[in-house]
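Below: the structure, in structure tokens.
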Amino acid sequence: MTLRRTAAAFALFTALTCPTWAAAQDVPPVVTAILKNWETQFKVKPTYKSIAGDASNTTIEGVEASLPVDGGGAMKMSVGKIELKNIADQGSGLYEIGQATYSDLKMDIGAEGQAITVSIPQSSAESWYVKLIGDNPTPADQFRAAMSITRKMTSGPITVTAAGQTITADGIETAWEGDPLTGAGKSSGKISNIAIPETALAMMDPTGTLKGLGYSSLSFDLGGEGTLTNDGTSFGLDFDGYYAAKDMGTVKIGGGVSGVPIAAISELQKAGAGKEPDMNAMMPQFMGVQVSRVVFRFEDASITKKLLPLIAQMQGMDEATFVANAGAMAQLGLAELKNPEFTAEAVAAIGNFLKDPQSITVSVRPPAPVPVGQLMALDPANPGAAIQQLGISVKSND
């Protein structure tokens, strides 16, 4: 699935879980606003069986929508019942839905007979904010309207079925605090206890490598937090995400960017409606985007000690010999970077981690944020200078 289709599919999921409906007479203004914003971007029109209520409280039953996906088939979605309560006009085109609850959400993704089915029986959201898009929206209006913002969202158990196998999760939790008019603020989210049973893992790992390491099934959490800034013409994002696998380890990825032009993002959003963006015209707009940090960190929870004998065997060594020689092998490869100071730091970090696996962190922290244009102008023939300019470092067990 291409990036454009992926974005459109995700928007379809968001719109039905924070619901959008097909146009009808006498529907509450907030419903009409959501519909207009969504249809302008994605050209997908959901239907429903019935709607009842008023401008403050509304119930919709039998919501359905379908979006084509690359590779054949479609992403078909349905929600049994959606209830919106305490809808309030906040002014400036902003609406707040005090509480939204939805029942029997189902998604079928892919060709018939080969589809992945996702089921979420119960979910709810508190303080969901919707921004009205007018007939001639500004890039800032379009950027904000494309965001789905709720102060709190939770779901019940999640079930994913594919190829006769079932993967489950305990649920989703998200939280947000900030300015509803611009979307700026702090957010966090987590999908808890994603469980892959033994039969499903066997299909994913036909060689049995994971089972040989002692993992007959997997359980992990996905989550993260971030801060969005928005001055009306550009936005910034600082985020940290993680993948935490039980009895294996935790992978953390973080980053920070600023000065992302909202007008350019608006053009990319329009591409979701079937219009290809002019990347040649847009690229100069992104040259001023500044990168403040990039971090990759692994925190071990026993998998390294289990992997070392296997990796050593692949190198024709025993574990002790491999660990003893790892520093020298790393030094040989890193010497091509032409930065002896960085090479020494990385070699020491790798050796320290392999002897006592706790954590290892690779970070990019330049003294001052670096524009994308400057990153693209770095001399590939002089990687040592780039390492110094970007503040790249490797640390272990910190």
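Could you pull out the residue among 181, 201 that is touching a residue at least 24 places away in the same chain (Cβ under 8 Å), of a type outside the set (Val, Ile, Thr) and either surrounded by 15 or more Cβ atoms within 10 Å (Cβ to Cβ) or within 30 Å of residue 127 (Cα to Cα) (or both)? Matching residue, one of 181, 201: 181.
Scanning segment 349-375 for residues that are touching a residue at least 40 places away in the same chain (Cβ under 8 Å), over 25 Å from the mean Cα position of the chain (by Cα) and assigned to a helix (DSSP H, G or I) yields 349, 350, 352, 353, 354, 373.
The single condition from (1) more than 14 Å from residue 304 (Cα to Cα); (2) modelled with pLDDT of 95 or more that residue 207 fails is (2). Apart from one condition, residue 231 fits all of (1) under 26 Å from residue 263 (Cα atoms); (2) surrounded by 15 or more Cβ atoms within 10 Å (Cβ to Cβ); the exception is (2). Taking residues in segment 383-396 that are surrounded by 15 or more Cβ atoms within 10 Å (Cβ to Cβ), and partners anywhere that are in a strand (DSSP E or B) and of a type in the set (Ser, Thr, Tyr), the pairs with Cβ atoms closer than 6 Å and at least 6 places apart or on different chains are 393/363; 395/361. For segment 53-113, the strands (runs of 3 or more DSSP E) that sit wholly inside it and include 1 or more residues that are closer than 16 Å to residue 149 by Cα and either within 27 Å of the chain's Cα centre (by Cα) or of a type outside the set (Phe, Trp, Tyr) (or both) are 74-91, 94-110. Scan segment 246-254 and tell me whether some residue there is of a type in the set (S, T, N, Q), buried (at least 16 other Cβ atoms within 10 Å of the Cβ) and farther than 26 Å from residue 389 by Cβ. Taking every residue of segment 246-254 in turn, at least one turns out to be of a type in the set (S, T, N, Q), buried (at least 16 other Cβ atoms within 10 Å of the Cβ) and farther than 26 Å from residue 389 by Cβ. Go through segment 75-95 and give me each residue that's free of Cβ contacts under 8 Å to residues at least 40 places away in the same chain and closer than 13 Å to residue 125 by Cα. Matches in segment 75-95: 83, 85, 86.
The single condition from (1) under 18 Å from residue 29 (Cβ atoms); (2) crowded, with 16+ Cβ neighbours inside 10 Å; (3) among the aliphatic types (A, V, I, L, M) that residue 69 fails is (1). Output yes when any residue across segment 179-195 is closer than 27 Å to residue 233 by Cβ, among the aliphatic types (A, V, I, L, M) and assigned to a loop (DSSP other than H, G, I, E, B), and no when none is. Within segment 179-195, one or more residues are closer than 27 Å to residue 233 by Cβ, among the aliphatic types (A, V, I, L, M) and assigned to a loop (DSSP other than H, G, I, E, B). For residue 119, state whether it is outside any loop (DSSP other than H, G, I, E, B), modelled with pLDDT of 95 or more and either over 20 Å from residue 175 (Cβ atoms) or not assigned by TED's automatic domain parsing to the domain that holds residue 67 (or both). The answer is yes for residue 119.
The values are calculated or read from the model by the stated rules, or taken from the named source; none is laboratory data. Not measured: the values here are computed from a predicted model. So basically every Cβ, Gly included, is an ideal-geometry build from the backbone, and we count neighbours across all protein chains shown.
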